[in-house]
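Notes for the one structure printed next.
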Amino acid sequence: MDLNIKILKEEDIGKDCVEWFLDTEIVRFSDNQYRKFTINGQKEYVRNCLSNKDIDLYGIFDGNRHIGNIVICGFNSVHKKAEITYVVGDRKYWGKGVGSFAVLEITKKAINIYKLNKLFAGVVDANVGSRRVLEKNGFVLEGTRIKHLFYDGKFYNQLDYGLLLSI
Ligand SMILES: CC(C)(COP(=O)(O)OP(=O)(O)OC[C@H]1O[C@@H](n2cnc3c(N)ncnc32)[C@H](O)[C@@H]1OP(=O)(O)O)[C@@H](O)C(=O)NCCC(=O)NCCS
C-alpha cells in the first residue's frame with residue numbers, strides 16, 4: 001500500500017465515496033445513517049469544507065485511489081483543541097492499518113501545522129475497531145456519556161477520547 005492523506009478536492013469525488021455512505025455497516029455508528037448522499041451533495045460538502053476555516057477534510061488515499069476520509073474540525077484558538085472523525089470507506093481496506101495510519105498522520109499535522117494542544121474524538125462504545133485506532137495512537141479514555149447516541153434502533157454510550165500533544 002502507498003497510503004497518504006491530503007485535502008480532498010471536488011475532483012476526487014466519485015461514485016465510490018457516495019456508495020460508502022449507503023453501506024449500513026459503514027454508517028452503523030455514525031450520524032451519516034440519517035443523511036442522504038449523492039455525488040453532487042458530496043461535491044458541495046467538499047466545497048463547503050474548502051471555504052470553511054473551521055473544518056479541514058482530508059481524503060485517505062492508497063496511491064491515487066480514494067479509500068476514506070478523515071476530518072479535523074472545531075478549531076479553537078484559545079484552547080488549541082480540535083475534534084477528529086474518520087471513515088475507511090472501502091471495506092476491502094478494513095483491518096489493514098488504514099484507520100490507524102490516518103489518525104497518526106492527522107496527529108502529526110495537529111502538532112506541526114495546526115499547532116494544537118489537544119485532539120479529541122467521540123466513539124460509540126460498541127465500535128471496537130474505532131476505539132483500537134484511537135488507543136493505538138495514544139488517545140486515552142476521558143469519560144463516558146451514558147446512552148448518548150441513538151443508532152440502529154437503540155441508545156449507545158459515547159466514549160470520549162483525548163490526546164494531549166504537549167506543545
Ligand atoms: C473504525 C475504522 C476506522 C477502523 O479502521 P481500520 O483501517 O479497519 O483500522 P486498523 O486496521 O487501523 O485497525 C486498528 C486496530 O483495530 C482492530 N480492529 C479494526 N476493526 C475492528 C473490529 N471491527 N473489531 C475488532 N477490532 C478491530 C484491528 O485489528 C487493529 O488492532 P491491532 O493492531 O491490535 O491488531 C473502520 O472500520 C471504519 O471506517 N468504520 C466505519 C466508520 C467508523 O466507524 N468510523 C469511526 C467513527 S468514530
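Looking at the structure I just gave you, is L141 in a strand (DSSP E or B), near the ligand (Cβ under 10 Å from one of its atoms), out of contact with any helix residue (DSSP H, G or I) (no Cβ under 6 Å at 6 or more places or on another chain) and not acidic (D, E)? So L141 does not fit the description; no.
With respect to I72, is the statement that it is assigned to a strand (DSSP E or B) and either of a type in the set (S, T, N, Q) or within 10 Å of the ligand (Cβ to nearest atom) (or both) true?
On the way: assigned to a strand (DSSP E or B): yes; either of a type in the set (S, T, N, Q) or within 10 Å of the ligand (Cβ to nearest atom) (or both): no.
Criteria not met by I72.
The criterion of being within 17 Å of D56 (Cβ to Cβ), surrounded by 15 or more Cβ atoms within 10 Å (Cβ to Cβ) and hydrophobic (A, V, I, L, M, F, W, C) holds for L165. For the range 126-134, check the following and say yes or no: at least one residue is β-branched (V, I, T), away from the ligand (no atom under 13 Å from the Cβ) and at pLDDT 95 or above. No: the range 126-134 contains no residue that is β-branched (V, I, T), away from the ligand (no atom under 13 Å from the Cβ) and at pLDDT 95 or above. Within the range 108-123, not a single residue is assigned to a helix (DSSP H, G or I) and within 14 Å of the ligand (Cβ to nearest atom). The number of residues in the range 65-90 being touching a residue at least 60 places away in the same chain (Cβ under 8 Å) and closer than 16 Å to F139 by Cβ comes to 1. Just wondering, is there one or more residues in the range 116-139 that are among the acidic types (D, E) and closer than 19 Å to I26 by Cβ? Yes, because at least one residue in the range 116-139 is among the acidic types (D, E) and closer than 19 Å to I26 by Cβ.
Return a yes/no flag: does the range 42-60 have any residue that is among the small types (G, A, S), closer than 28 Å to K147 by Cα, in contact with a strand residue (DSSP E or B) (Cβ under 6 Å, 6 or more places away or on another chain) and not in a loop (DSSP other than H, G, I, E, B).
Applying the first criterion (among the small types (G, A, S)) to the range 42-60 yields 51, 59.
With closer than 28 Å to K147 by Cα added as a condition, the list becomes none.
Within the range 42-60, not a single residue is among the small types (G, A, S), closer than 28 Å to K147 by Cα, in contact with a strand residue (DSSP E or B) (Cβ under 6 Å, 6 or more places away or on another chain) and not in a loop (DSSP other than H, G, I, E, B).
Kindly indicate the residue of the range 133-151 that is exposed (fewer than 13 other Cβ atoms within 10 Å of the Cβ) and not β-branched (V, I, T) and also nearest to K108 (Cα to Cα) among those meeting that condition.
Here is the first cut: in the range 133-151, the ones exposed (fewer than 13 other Cβ atoms within 10 Å of the Cβ) are 140, 142-144, 146-147, 150.
Imposing the further condition that a residue be not β-branched (V, I, T) reduces the set to 142-143, 147, 150.
Numbers: E142: 21, G143: 24, K147: 32, F150: 32 Å.
Only one residue fits best here, namely E142.
Among the numbered conditions (1) at pLDDT below 95; (2) in contact with an Asp or Glu (Cβ under 7 Å, 6 or more places away or on another chain), the only one that N76 does not meet is (2). I13 meets the conditions (1) at pLDDT 95 or above; (2) out of contact with any strand residue (DSSP E or B) (no Cβ under 7 Å at 6 or more places or on another chain); (3) of a type in the set (A, V, I, L, M, F, W, C); (4) loosely packed, with under 15 Cβ neighbours inside 10 Å in every case but one. The failed one is (4).
The values are calculated or read from the model by the stated rules, or taken from the named source; none is laboratory data. What you are looking at is a predicted structure, and each value in this text was computed from that prediction instead of being measured. We place every Cβ from the backbone using ideal geometry, glycine too, and count neighbours over all the protein chains shown.
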